[in-house]
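The values are calculated or read from the model by the stated rules, or taken from the named source; none is laboratory data. Being a predicted model, the structure only gives us computed values, none of them experimental. Glycine gets a Cβ as well: all are built from the backbone with ideal geometry, and neighbour counts include every protein chain shown. Surface accessibility is based on the protein's heavy atoms, side chains included, excluding ligands, DNA and RNA. Shrake-Rupley method; radii C 1.70, N 1.55, O 1.52, S 1.80 Å.
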Amino acid sequence: GERRAMVHRWRSRQQMAGYLAMVAIGKFRVRDGRSPGGIRNISAVDESLLQDLDRFQTSTGEVTDWAVKTFGRYPFDSTGGIIDNVRVNYALETQNRPVYPGAADVPLIVHEIAHMWFGDSVSVRRWQDIWLNEGFATYAEWLWSEQHNGRTADQIFQRSYRQADAKSWKQRPAEPGGRKTLFSYFPTYTRGAMTVHALRKTVGDRAFFRIVRSWTAQRAHGHATTDDFVAHAERVSKRNLDRLFRDWLFKTGRPPLPKARPAK
C-alpha cells in the first residue's frame, strides 16, 4: 500500500543552543518515570545493547537530584538520557537527554547531567570560553567522588597538579586557540576543573557554593563569558580575584598553588 509520511512537531519551553538539539531514530527500550526528587526522567537504550536500562534510569535520577542540591534548581522540565549504538568516542550533553555511545557509567552521567546547568542552561557566548562548560562538568565529577566515598576534590586536584608535564601547561584555558585545540583535554577539562577548585580553596566552601548557585540561578537560560563569571565571583565573594583567574586561565606555565581560606 501507499506509505504516508509522519510529521512530528516539538518545541522547547526553554532557550536552546542549536548544537544541543537531538533526535535519535531506532529501536529503543524506554523508561518514563521520575527521580526520587520528583523530576520527570525519560531514559532509552538501543535494543542492540546489553546496558541495564533500569540501572541507567536509576543512576540518572539519583545524579540529577544530587546535582540539584549541589548546583541549584533543575533548569528544565525533565532529565534522562539515551544510550545509542553509535561509533563515536564521546558523549554529548544534548538538552534534557544526553546521548551516550554504547554505555554510561556514573562518572560520565555526572559529567553530562552537570552540563544541564553548565553549558545548556548557562551557555557560552563565545567558544573560547568553553572551559566554563567543561571545567564545571569535570569538577562535578570531583565533587561526586568527594561526596560518595571516593577521592576528595583536593586529592584529585593535587594529583593532577603534580603529574601534568610542562607541555600540558602551555595552552591557556580562556584562550584555547583554534578549533583543533578547543577541546584539548588537559587545558579545557582538567585545568578548567582545577581553576574551579582553586577558586573554592581561595574563597572557602561557603562563598564558593554561593557563587555557583547564584550563577546558575541568575544566568539561567542565557549565555555568559569568562569575564562575566570572574565579575560574578568577585561580587559574591567580595574579593579581588584577578590574579587567581589570570594565573589559572590566561597564563602559560604551572600556576602557583592557591592558598586555602581559613575555615571559620
Scan region 126-154 and report the pairs whose first residue is more than 21 Å from Thr64 (Cα to Cα) and whose second residue is at pLDDT below 95 and open to solvent by 60 Å² or more (accessible area, probe 1.4 Å), with Cβ atoms within less than 7 Å and a gap of 6+ or a chain change. Gln128/Glu175
Residue by residue through region 94-111, note down the ones that are open to solvent by 10 Å² or more (accessible area, probe 1.4 Å), free of Cβ contacts under 8 Å to residues at least 60 places away in the same chain and out of contact with any strand residue (DSSP E or B) (no Cβ under 6 Å at 6 or more places or on another chain). Pro101, Gly102, Ala103, Asp105, Val106, Pro107, Leu108, His111
Does region 169-216 hold any residues that are under 17 Å from the mean Cα position of the chain (by Cα), assigned to a loop (DSSP other than H, G, I, E, B) and either buried (at least 20 other Cβ atoms within 10 Å of the Cβ) or of a type in the set (Gly, Ala, Ser) (or both), and which are they? Pro173, Ala174, Ser184
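So which residues in region 18-38 are part of a loop (DSSP other than H, G, I, E, B) and open to solvent by 30 Å² or more (accessible area, probe 1.4 Å), if there are any at all? Spell out the reasoning first.
Taking region 18-38 and keeping what is part of a loop (DSSP other than H, G, I, E, B), we get 21-27, 35-38.
The answer is Ala21, Met22, Val23, Ala24, Ile25, Gly26, Lys27, Pro36, Gly37, Gly38.
Within the bounds of region 111-119, is there any residue that is assigned to a strand (DSSP E or B) and closer than 28 Å to Val230 by Cβ? Please lay out each step first, then the result.
Narrowing region 111-119 to residues assigned to a strand (DSSP E or B): 118.
Right, trim to closer than 28 Å to Val230 by Cβ and you get 118.
Within region 111-119, one or more residues are assigned to a strand (DSSP E or B) and closer than 28 Å to Val230 by Cβ.
Between Val63, Val45, which is open to solvent by less than 10 Å² (accessible area, probe 1.4 Å), among the hydrophobic types (A, V, I, L, M, F, W, C), at pLDDT 95 or above and part of a helix (DSSP H, G or I)?
Working: Val45 fails: part of a helix (DSSP H, G or I).
The match here is Val63.
Can you tell me which residues in region 158-168 are surrounded by fewer than 12 Cβ atoms within 10 Å (Cβ to Cβ) and of a type outside the set (D, E, K, R)? Walk me through how you get there before you give the answer.
Just the residues of region 158-168 that are surrounded by fewer than 12 Cβ atoms within 10 Å (Cβ to Cβ), to begin with: 159, 162-163, 165-167.
Result: Gln163, Ala166.
It is to be established whether one or more residues within region 73-96 are among the hydroxyl-bearing types (Ser, Thr, Tyr), closer than 27 Å to Val45 by Cβ and touching a Ser or Thr at 6+ places or on another chain (Cβ under 6 Å).
First, the residues of region 73-96 that are among the hydroxyl-bearing types (Ser, Thr, Tyr): 74, 78-79, 90, 94.
Those left that are additionally closer than 27 Å to Val45 by Cβ: 74, 78-79, 90, 94.
With the extra rule that they be touching a Ser or Thr at 6+ places or on another chain (Cβ under 6 Å), the set shrinks to 79.
Looking for residues that are among the hydroxyl-bearing types (Ser, Thr, Tyr), closer than 27 Å to Val45 by Cβ and touching a Ser or Thr at 6+ places or on another chain (Cβ under 6 Å), one finds at least one in region 73-96, hence yes.
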Restricted to region 48-60, and to residues that are in contact (Cβ under 8 Å) with a residue 24 or more places away in the chain and either assigned to a loop (DSSP other than H, G, I, E, B) or among the hydroxyl-bearing types (Ser, Thr, Tyr) (or both), which residue is most open to solvent (accessible area, probe 1.4 Å)? Ser48
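Working only within region 125-138, note down all residues that are surrounded by 21 or more Cβ atoms within 10 Å (Cβ to Cβ) and either at pLDDT below 95 or aliphatic (A, V, I, L, M) (or both). Step through it out loud before you land on a result.
Residues of region 125-138 that are surrounded by 21 or more Cβ atoms within 10 Å (Cβ to Cβ), as a first pass: 129, 131-138.
Those that are surrounded by 21 or more Cβ atoms within 10 Å (Cβ to Cβ) and either at pLDDT below 95 or aliphatic (A, V, I, L, M) (or both): Leu132, Ala137.
Filter region 232-250 for residues that are open to solvent by less than 90 Å² (accessible area, probe 1.4 Å) and either within 28 Å of Gln163 (Cα to Cα) or among the small types (Gly, Ala, Ser) (or both) and give the result. Spell out how you get there, then give the answer.
Taking region 232-250 as the starting set, the residues that turn out to be open to solvent by less than 90 Å² (accessible area, probe 1.4 Å) are 232-234, 236-237, 239, 241-242, 244-245, 247-250.
Across region 232-250, the qualifying residues are Ala233, Ser237, Leu241, Asp242, Leu244, Phe245, Asp247, Trp248, Leu249, Phe250.
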Pairs returned, first residue in region 14-27 that is over 18 Å from Val86 (Cα atoms) and modelled with pLDDT under 90, second residue that is among the acidic types (Asp, Glu) and open to solvent by 70 Å² or more (accessible area, probe 1.4 Å), beta-carbon separation under 9 angstrom, 6 or more apart or interchain, are Gln14/Asp77
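Among the residues of region 70-86, are any within 19 Å of the chain's Cα centre (by Cα) and part of a helix (DSSP H, G or I)? Walk me through it before giving the result.
Step one: filter region 70-86 for residues within 19 Å of the chain's Cα centre (by Cα), giving 70-83.
Among the residues that remain, those that are also part of a helix (DSSP H, G or I) are: 70-71.
Checked region 70-86: at least one residue is within 19 Å of the chain's Cα centre (by Cα) and part of a helix (DSSP H, G or I).
Tell me which residues, restricted to region 217-231, are within 23 Å of Trp144 (Cα to Cα) and surrounded by 19 or more Cβ atoms within 10 Å (Cβ to Cβ).
We begin by selecting, within region 217-231, every residue within 23 Å of Trp144 (Cα to Cα); these are 217, 220, 229.
The one that is within 23 Å of Trp144 (Cα to Cα) and surrounded by 19 or more Cβ atoms within 10 Å (Cβ to Cβ): Phe229.
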